[in-house]
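Each remark here refers to the structure printed beneath this line.
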Amino acid sequence: MDESGGRGEPRSGNDESAERHAGAPARAADPTPADEQPTDGRRFTSEQHDDAPEAGPATTPPDGPEDDSAADQDPGAAEGDRPSLRKPGPTGDSETGQNAGAAPSPDPGAPDRRQQPSTPDPNSRTEPAAPGTGDRPLAHSADGKGPAPQRPPEPRGGLLMGRPFGVPVYVAPSWFLVAALITWVFGGQLERVLPELGAARYLVSLFFAVAFYASVLVHELAHTVAALRFKLPVRRIQLQFFGGVSEIEKEAETPGREFVLAFVGPLLSLLLAGVFYLAMQIVDPGTVPGVLLAGLMISNLIVAAFNLLPGLPLDGGRMLRAVVWKITGKPMTGTVAAAWVGRALAVCVLIGLPLLTQSGALGSDAVDNVGMDTVLDALLAAILAAIIWTGAGNSLRMARLREHLPELRARALTRRAVPVETHTPLSEALRRANTAGARALVVVDADGKPLSLVREAAIVGVPEHRRPWVAVSGLAQDLTDGMRVSAELSGEELLDALRATPATEYLVVEETGEIYGVLSAADVERAFVKAMARPS
């Protein structure tokens with residue numbers, strides 16, 4: 001069976017105004033004692049973060065600030081603890097509405113994030129709220145600065161066979177099981193048609209299995225070429241149990257393109273069937289080439305006909321989705337209709353395929369008793385029905401995800417930040433943030449140019465009694481190009497930007513280059529989970 005998956009959806013463009021700030025302001029000068037504060041990570045007291053690593057041994061503060069090593073200042077967690085921002089794949093991730101952290105609430109009346117540092121007060125020891133929950137910190141290097149962000153590794157899906165058109169093609173381990181099954185079944189048929197082959201018939205059968213999946217690969221390459229033609233990124237092609245999958249990372253922007261993208265696969269299978277039929281005309285049908293060509297012609301006809309069935313996740317389901325989308329103007333309506341038709345199709349396959357086989361309607365002899373062939377037919381029907389039913393359900397979940405993606409807006413999720421210079425003591429930087437109602441710190445040079453971001457996890461790991469002696473530069477991560485994101489990003493574009501450069505914090509800038517604030521990956525993760533938990 002062939003599936004062609006896709007992710008993403010055209011953005012809706014109904015962004016909120018720039019004045020809406022979803023990052024809740026920090027509590028300023030909370031009179032509640034530190035040991036009675038809520039343990040929600042809103043303060044930088046290490047006692048409230050049981051999961052935070054212990055700081056280095058406390059030492060008697062000298063007369064002036066000391067140059068602590070980052071190993072004492074910035075205990076971090078492993079890189080793998082970073083919140084995931086992965087978008088679900090074409091088959092869809094399971095839904096979850098549990099453990100969904102509350103997204104930051106709107107704060108229209110909050111002061112501008114581009115706060116200037118207030119006048120230092122050396123006698124003040126007021127600590128501000130932390131810029132977030134402080135859980136799952138980044139790992140850190142010996143110099144106190146986080147590791148350079150690395151692009152996530154390319155997803156694998158089995159044995160890499162090549163990169164046609166720059167798209168990796170993988171053969172899943174399940175393919176070898178199917179190849180063995182095809183070799184065994186087709187070898188039994190060859191024994192009746194060409195008994196003189198003997199044991200060599202299994203070599204011919206294995207060649208047929210490989211040639212059949214080469215035809216499936218051509219089918220998938222048709223989807224890939226069409227997607228690339230429409231400037232849609234293709235993640236990979238995977239040959240697996242009962243067919244292949246082209247993982248297209250975005251949906252087509254119009255129903256017409258969606259229809260073409262889905263139809264080209266079955267069309268290529270029909271063309272291959274025609275090529276094999278023409279080749280049969282020049283060979284003897286009673287020979288090995290004649291039998292192989294006949295088998296490949298029939299198998300490609302079956303692949304084309306099966307994929308044209310009008311139910312998701314099959315290509316025919318995507319074509320039906322495009323038609324309903326065109327009629328109603330709503331892609332979600334098309335997805336719902338095609339998915340439920342797919343579920344009905346799964347029930348028909350589960351019940352109808354064994355009945356058709358047993359009655360002889362598919363070309364075999366009718367049987368009155370239950371034998372091994374009947375059991376195998378029922379098992380095959382159950383597997384196909386399960387694949388179709390699951391794919392239809394995943395398509396519904398993916399549509400729900402795409403419907404909520406526009407709710408993720410960088411401008412709405414950004415935390416207010418205050419600029420501090422490199423040698424500013426941590427305690428003074430936190431006092432300024434508390435005064436401004438900010439929840440993040442940006443290290444700038446003398447001209448106000450941003451250099452790095454002070455990591456929330458690193459702040460939590462520094463005990464309060466050492467904060468006057470620790471410079472913010474020792475807790476900061478240098479800014480890279482990928483860590484600067486536009487305040488106008490939303491939905492899929494925002495997730496793509498964050499996935500391209502994994503980090504825990506990002507500098508959000510206006511189109512003019514001005515600092516808007518700091519975006520925490522944890523805030524995006526919580527907002528994403530909360531949006532998915534809400535009904536459509």
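The values are calculated or read from the model by the stated rules, or taken from the named source; none is laboratory data. Keep in mind that this is a model prediction, so the values were computed, not measured. Note: ideal-geometry Cβ built from the backbone for every residue, glycine included; neighbour counts use all protein chains shown. Surface accessibility is based on the protein's heavy atoms, side chains included, excluding ligands, DNA and RNA. Shrake-Rupley method; radii C 1.70, N 1.55, O 1.52, S 1.80 Å.
Summary table below
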quantity: Hits in segment 233-253 (condition: open to solvent by less than 10 Å² (accessible area, probe 1.4 Å) and either more than 18 Å from the chain's Cα centre (by Cα) or farther than 24 Å from Val178 by Cα (or both)); calculated: Gly243, Gly244, Ile248, Ala252
quantity: Residue in segment 362-370 that is modelled with pLDDT under 80, under 30 Å from Arg318 (Cβ atoms) and open to solvent by less than 40 Å² (accessible area, probe 1.4 Å) present; calculated: no
quantity: Qualifying residue in segment 463-475 (condition: under 29 Å from the mean Cα position of the chain (by Cα) and among the charged types (D, E, K, R)); calculated: no
quantity: Extreme residue, least open to solvent (accessible area, probe 1.4 Å), among residues of segment 254-267 that are closer than 26 Å to Ala179 by Cα and out of contact with any strand residue (DSSP E or B) (no Cβ under 9 Å at 6 or more places or on another chain); calculated: Val264
quantity: Listing of strands (runs of 3 or more DSSP E) fully contained in segment 410-513 that carry 3 or more residues being within 29 Å of Ala399 (Cα to Cα) and not small (Gly, Ala, Ser); calculated: 505-509
quantity: Tyr516 free of Cβ contacts under 8 Å to residues at least 60 places away in the same chain and surrounded by 22 or more Cβ atoms within 10 Å (Cβ to Cβ); calculated: no
quantity: Residue match in segment 322-336 (condition: under 30 Å from Thr374 (Cα atoms) and either surrounded by fewer than 21 Cβ atoms within 10 Å (Cβ to Cβ) or free of Cβ contacts under 8 Å to residues at least 60 places away in the same chain (or both)); calculated: no
quantity: Test: residue in segment 481-491 that is closer than 17 Å to Val518 by Cα, surrounded by fewer than 19 Cβ atoms within 10 Å (Cβ to Cβ) and under 20 Å from the mean Cα position of the chain (by Cα); calculated: yes
quantity: For Ala294: the one exception among (1) surrounded by fewer than 23 Cβ atoms within 10 Å (Cβ to Cβ); (2) under 23 Å from Thr335 (Cβ atoms); calculated: (2)
quantity: From the options Val303, Val349, residue that is at pLDDT below 95, surrounded by 17 or more Cβ atoms within 10 Å (Cβ to Cβ) and in contact with a His (Cβ under 7 Å, 6 or more places away or on another chain); calculated: Val303
quantity: Residue under evaluation Leu270, criteria (1) farther than 27 Å from Gly158 by Cα; (2) surrounded by 20 or more Cβ atoms within 10 Å (Cβ to Cβ); (3) not small (Gly, Ala, Ser), criterion not met; calculated: (2)
quantity: Enumeration of residues in segment 337-346 that are open to solvent by less than 70 Å² (accessible area, probe 1.4 Å) and not aliphatic (A, V, I, L, M); calculated: Gly342, Arg343
quantity: Residues being surrounded by fewer than 20 Cβ atoms within 10 Å (Cβ to Cβ) and not in a helix (DSSP H, G or I) - total across segment 204-232; calculated: 2
quantity: Subset of segment 255-297 (residues that are under 30 Å from Arg229 (Cβ atoms) and of a type in the set (Val, Ile, Thr)); calculated: Val260, Val264, Val275
quantity: Residue in segment 400-416 that is under 30 Å from Ile351 (Cβ atoms) and in contact with an Asp or Glu (Cβ under 9 Å, 6 or more places away or on another chain) present; calculated: yes
quantity: Among the residues listed as Ala457, Ala446, the single one being open to solvent by 30 Å² or more (accessible area, probe 1.4 Å), of a type in the set (A, V, I, L, M, F, W, C) and farther than 16 Å from Tyr516 by Cβ; calculated: Ala446
quantity: Count - residues of segment 492-507 that are in contact with a Gly (Cβ under 8 Å, 6 or more places away or on another chain) and under 17 Å from Glu407 (Cβ atoms); calculated: 2
quantity: Condition met for Pro289 (in a helix (DSSP H, G or I) and either farther than 22 Å from Ala392 by Cα or in contact with a helix residue (DSSP H, G or I) (Cβ under 8 Å, 6 or more places away or on another chain) (or both)); calculated: yes
